[in-house]
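See below for the structure under consideration.
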Amino acid sequence: MKISEITDYDQQQVEELWGRCVSPRVTSDGHDHIVAVQRLSSSSILVGKKNGDVIAGVMVGFDGQRGWIYDVCVDKTFRRQGFGRATVSATEAWLRQRGAPSIHLQMHFTNLAAIGFYDKLGYRFQDMVVLGKHFGTTPRLSSVWERSKNVIENGDEPVWANSI
Ligand SMILES: CC(C)(COP(=O)(O)OP(=O)(O)OC[C@H]1O[C@@H](n2cnc3c(N)ncnc32)[C@H](O)[C@@H]1OP(=O)(O)O)[C@@H](O)C(=O)NCCC(=O)NCCS
């Protein structure tokens, strides 16, 4: 697999790849999002190609203090062959070249497969809570809060610790 920065020619295939990685849903919002990321100098999309076809994709950004990795995806038929590891490694290199001292990511807490993957790559729980606000109405995340409270107050194991 050859990894390089996205070109306009790759846009369609990258959009389709992320469209197939919908479970659990990745955060890319399709064509407009891809074009917006391409235009920013502090972010990029890296694509992995085999025989000219896009089989892996990832979004990367540097906010000046931390590097961020988003939406790594390897096409289903190519998984468990080291392409995910290679894609993340290229992302880390992209950030190091720009002086980023660290790399971070967020994912849905039920995505145990991806947590297992990142654990193998040396990524560790950062002991932080992600808060957000949508500019519309969303339900409160009471079940997540209850679980976090049990970890903090009762010393329960985080859900993923024994599941991988
Ligand atoms: C997560 C994903 C990128 C992994 O890609 P991959 O090409 O299969 O990963 P690799 O073959 O490079 O595996 C690297 C290591 O992770 C491990 N690994 C891969 N998938 C795993 C899983 N589901 N559970 C546990 N470990 C896993 C591999 O065993 C390997 O470990 P090893 O080097 O000790 O053998 C791929 O499954 C995927 O695209 N998933 C859907 C999208 C997604 O959830 N993205 C992440 C959140 S944004």
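What follows draws every value from the coordinates through simple rules; no lab data is involved. A quick note: this is a predicted structure, and the numbers were derived from the prediction, not measured. All Cβ positions, even for glycine, are placed from backbone atoms using ideal geometry, and neighbour counts span all protein chains on display.
Using the average count of surrounding beta-carbon atoms within 10 Å as a protection proxy, the listed peptides 101-109, 70-78 rank, highest first, as 70-78, 101-109. If R0 is 22 Å, the Cβ-Cβ spacing of R85 and E5 corresponds to a FRET efficiency of close to 0.70. The length gained on full extension between S102 and Y123, counted as 0.36 nm times the residue separation minus their Cα-Cα distance, comes to 6.5 nm.
Treating r as the C-beta distance of F78 and E153 and R0 as 35 Å, the FRET efficiency rounds to 0.20.
Cβ-to-Cβ counts within 10 Å put R80, R98 in ascending order as R80, R98, the fewest first. If you model region 2-126 as an ellipsoid using its alpha carbon gyration tensor, with each semi-axis the square root of five times an eigenvalue, the axes come out at 19, 18, 14 Å, biggest first. In terms of the mean number of neighbouring beta-carbon atoms within 10 Å, the peptides 8-18, 124-134, 35-45, 52-62 order highest first as 52-62, 8-18, 35-45, 124-134.
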